[in-house]
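This report refers to the structure that appears directly beneath it.
Derivation of every value follows stated rules applied to the coordinates shown; laboratory data play no part. All values derive from a computational prediction rather than experimental measurement. Here the Cβ is made from the backbone with ideal geometry for all residues, glycine too, and neighbour counts use every protein chain on show.
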Amino acid sequence: MLIDFHTHINKYSDSDIFSVRSYSVSETIDLKTKDYSVGWHPWHLLDLDKETAFDILEKQVQCDEAIMVGECGLDKIVDIPFDLQKEVFEYQIKLSEKYSKPLVLHCVRSFSELIEMKKHFKPKQQWVVHGFSNNINIAQMLVKERIMLSFGKNVLTENSNAQKILSQIGDMPFFLETDDTDLHIKDIYGKVLEITNYGFEDLSDKITKSLEQIIHQKISHL
């Protein structure tokens, strides 16, 4: 089985692929989607009234089909007040804990603040930074705080940070994703097999078990 940890596109008919469709609180969730994450992305915090969004988001997160919260997080490049970003992020941390669902993170130039918030809230649920493409020092800093990493399209770029980290990742758990691209998750897995010592079955089993562990259930509906 292949796991596409984070995708914004419904694109698979393959029975051997488990994908987690990522929705924004402002999107209409396709009732056919079996497994999804839902959150309020820091880029879109001015699109909805805060209290309305919080109410909608909690109702969405309660659904059994919602297996994760997010993506959410912090971004110092986007022109959204950082205090508002932190407030909305805090709310989603609390939702993650309340409903025992892992948190999918978007983080740009805010890793120190992210770690500070993790230390403050001491969450029991797993945090995962999606689309990780930063350097090995930041990767090590996050892993030290038990924050997992998910790698996407940058895996396909020669000598990228993603490739460098994966080439020396050892036994550390991680995820693979396609995010908002038209890439097939098979392309990502194929490249990871080239740059690591994993065999296909080992890699597939590793990622499947990691996902089952953080969502607290077996992937059994396929």
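Which one of Pro81, Pro123, Pro102 has the biggest mean-square fluctuation once the chain is modelled by GNM with Cα springs under 10 Å?
Pro81
Counting alpha carbon pairs within less than 8 Å and at least 6 residues apart, what relative contact order, in whole percent, applies to the stretch 65-169?
23 percent
Provide the three semi-axes, in whole Å and in decreasing order, of the ellipsoid equivalent to the stretch 1-106 as defined by the square roots of 5 times the Cα gyration tensor eigenvalues. Provide the component values of the computation, followed by the final result.
Working: eigenvalues 116, 41, 31 Å².
Each semi-axis is √(5λ); the values are 24, 14, 12 Å.
Under the rule of -39500 (n - 2.57) per DSSP H run of 4 or more residues, summed and divided by the residues of the chain, what mean residue ellipticity at 222 nm is obtained, to the nearest 500 deg cm²/dmol?
About -11500 deg cm²/dmol.
Could you work out the percent of alpha carbon pairs in the chain separated by over 22 Å, rounded to a whole number?
On the way: 11844 of 24531 pairs.
Summing the P(r) of the chain above 22 Å gives 48 percent of all pairs.
Over the chain, what is the relative contact order in percent, taking alpha-carbon pairs closer than 8 angstrom and at least six residues apart?
20 percent.
Just Ile80, Ile188, Ile93 to compare: in a GNM of the chain, with alpha carbon springs under 10 Å, which one fluctuates most?
Ile80
Below 8 Å between Cα atoms, with a sequence gap of 6+, how large is the relative contact order for the stretch 133-195 in percent?
Computed over the stretch 133-195, the figure is 35 percent.
What's log10 of I(q)/I(0) for the stretch 114-222 at q = 0.21 Å⁻¹, Debye sum over Cα points only, no solvent?
For the stretch 114-222 at q = 0.21 Å⁻¹, log10 I(q)/I(0) is -1.24.
Helix 50-62 sits at what angle to the longest principal axis of the chain, using alpha carbons and giving 0 to 90 degrees rounded to 10?
50 degrees
In this model, which of Lys98/Lys122; Lys124/Lys218; Lys34/Lys164 are farther than 25 Å apart at the alpha-carbon? Let's see the in-between values first.
Values: Lys98/Lys122 13 Å; Lys124/Lys218 19 Å; Lys34/Lys164 34 Å.
Pairs exceeding 25 Å: Lys34/Lys164.
Semi-axes of the equivalent ellipsoid of the stretch 84-126: what are they in whole Å, largest first, if each equals the square root of 5 times a C-alpha gyration tensor eigenvalue?
17, 11, 10
Put +1 on the Cβ of every Lys and Arg and -1 on every Asp and Glu Cβ in the stretch 150-199; which of Met172, Ser150, Tyr189 then has its Cα farthest towards the positive end of the dipole?
Met172
When the convex hull of the C-alpha atoms of the stretch 23-70 is computed, what volume per residue in Å³ does it have?
Values: hull volume 3.0 nm³, N = 48.
Per-residue hull volume (Cα only) is 63 Å³.
Which three lengths, in whole Å and largest first, does the stretch 138-197 cover when its Cα atoms are put on their principal axes?
Over the stretch 138-197, Cα extents along the principal axes are 32, 24, 18 Å.
Excluding residues on the same chain fewer than 8 positions from Lys186, give the aspartates and glutamates whose Cα lies under 16 Å from its Cα.
Lys186 reaches Asp4, Asp14, Asp16, Glu177, Glu194, Glu201, Asp202, Asp205.
Note down the Stokes-Einstein diffusion coefficient of the stretch 46-142 in µm²/s, whole number, using a Kirkwood radius over alpha carbon pairs, 4 °C, and 1.567 mPa s.
Calculated translational D: 92 µm²/s.
Between 0 and 90 degrees, rounded to the nearest ten: what's the tilt of helix 185-195 against the longest Cα principal axis of the chain?
50 degrees
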